[in-house]
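Working notes, structure below.
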Amino acid sequence: MNKPKIALVCHRGENPGNNRILPDSLGTTYINSVIKAGGLPFLIPLDFPLDNLNIIRESFDGLLLTGGGDVDTKRYGGIEHPSVGEVWPVRDEIECRLYHLALETEWPVFGICRGIQIMNVAAGGKLYSHIPDQVPTVKHVHNQPTGTPRDHLVHDVLIEPGTLLHQIIGKDRIPVNSFHHQAVSVPGEGMKVTAFSDDGIIEAIENPDHPFVLGVQWHPECMQQYDDHMKLFRAFVEASRRL
Ligand code: MN
């Protein structure tokens, strides 16, 4: 059986020691999750020519928007905050454009962490720039400290029945990891909130008018030992196969 080809836009980092730009790359857990789910991963560099993005749409069966730095606050009219970091407007631009191509052409898109955030911003929605300062009612540390095991389960998410997410996972509530200081505040056009944390943060969105536009705020790629989280990758790869 043919394996669906999945495009993943790279992350770009800076060496804090000398401010040199590091090579475009991507965490191996994203890559391995796609392979384990039956897909073939292909990395897209951030300087890919914007005029030729249609080639990416034509060449690949699905789009995975991964974690990384923060979305530029200017793009969604967000509050400036000193903790906003690793902003690469070139990545925002390529991912927003790819999201719109996906909307127009029924291309499956799965967004993780930054991925849910850029999807929401591309759809005209807004983000909290820094949850602890903007949502005083939160109970959990959504941004677990550096060094915390990436599969550490921090809080539960409550999944709305009758949604694509609920159909995939088949449960009303699951525990997740949490490595984010930002979150969706106002859902974008066409976006439906499909999961909240048990302290009220939006943790998943989807577009019910599209076959597969799904974003989650947690990191399923770091929890490959849990079937509930691998179901997300399998559903995404299968959706990419059908279309
Ligand atoms: Mn969280």
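The values are calculated or read from the model by the stated rules, or taken from the named source; none is laboratory data. Because the structure is a prediction, the values reported are computed rather than measured. Cβ: placed from backbone, ideal geometry, glycine included. Neighbour counts: every protein chain shown.
Residues of region 69-87 that are surrounded by fewer than 16 Cβ atoms within 10 Å (Cβ to Cβ) and assigned to a helix (DSSP H, G or I): K74 alone.
Residue-by-condition table, conditions (1) within 17 Å of the chain's Cα centre (by Cα); (2) touching a residue at least 60 places away in the same chain (Cβ under 8 Å):
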residue	(1), (2)
Y30	yes, yes
V34	yes, yes
E58	no, no
D72	yes, no
E80	no, no
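Taking first residues from region 159-171 that are among the basic types (K, R) and partners that are surrounded by 13 or more Cβ atoms within 10 Å (Cβ to Cβ), the Cβ contacts under 9 Å between residues at least 6 apart in sequence or on separate chains come to K171/I159; K171/D228. For region 142-194, filtered to residues that are more than 15 Å from the ligand (Cβ to nearest atom) and in a strand (DSSP E or B), the residue that is nearest to E86 (Cα to Cα) is V186. For V90, the stated conditions hold: it is over 15 Å from the mean Cα position of the chain (by Cα) and part of a helix (DSSP H, G or I).
Right, R234: touching a Pro at 6+ places or on another chain (Cβ under 8 Å), surrounded by 14 or more Cβ atoms within 10 Å (Cβ to Cβ) and not in a strand (DSSP E or B) or not? Taking the combined requirement at face value, the residue does not satisfy it. In the set (1) at pLDDT 95 or above; (2) more than 25 Å from L8 (Cα to Cα), the condition left unmet by G115 is number (2). Can you confirm whether region 55-63 contains a residue that is assigned to a loop (DSSP other than H, G, I, E, B), within 19 Å of F236 (Cβ to Cβ), out of contact with any helix residue (DSSP H, G or I) (no Cβ under 6 Å at 6 or more places or on another chain) and of a type outside the set (G, A, S)? Yes. Can R91 be described as within 14 Å of the ligand (Cβ to nearest atom) and either touching a helix residue (DSSP H, G or I) at 6+ places or on another chain (Cβ under 9 Å) or modelled with pLDDT under 95 (or both)? In short, no. You will find that of Q117, Q134, the residue that is within 16 Å of the ligand (Cβ to nearest atom) and under 15 Å from the mean Cα position of the chain (by Cα) is Q117 and no other.
Suppose we filter N32, N52 for residues that are outside any loop (DSSP other than H, G, I, E, B) and under 15 Å from L232 (Cβ atoms); which single one remains? Before the answer, list the steps.
Details: N52 fails: under 15 Å from L232 (Cβ atoms).
Only one candidate qualifies: N32.
Taken over region 199-220, residues that are within 10 Å of the ligand (Cβ to nearest atom) and not in a strand (DSSP E or B) amount to 5.
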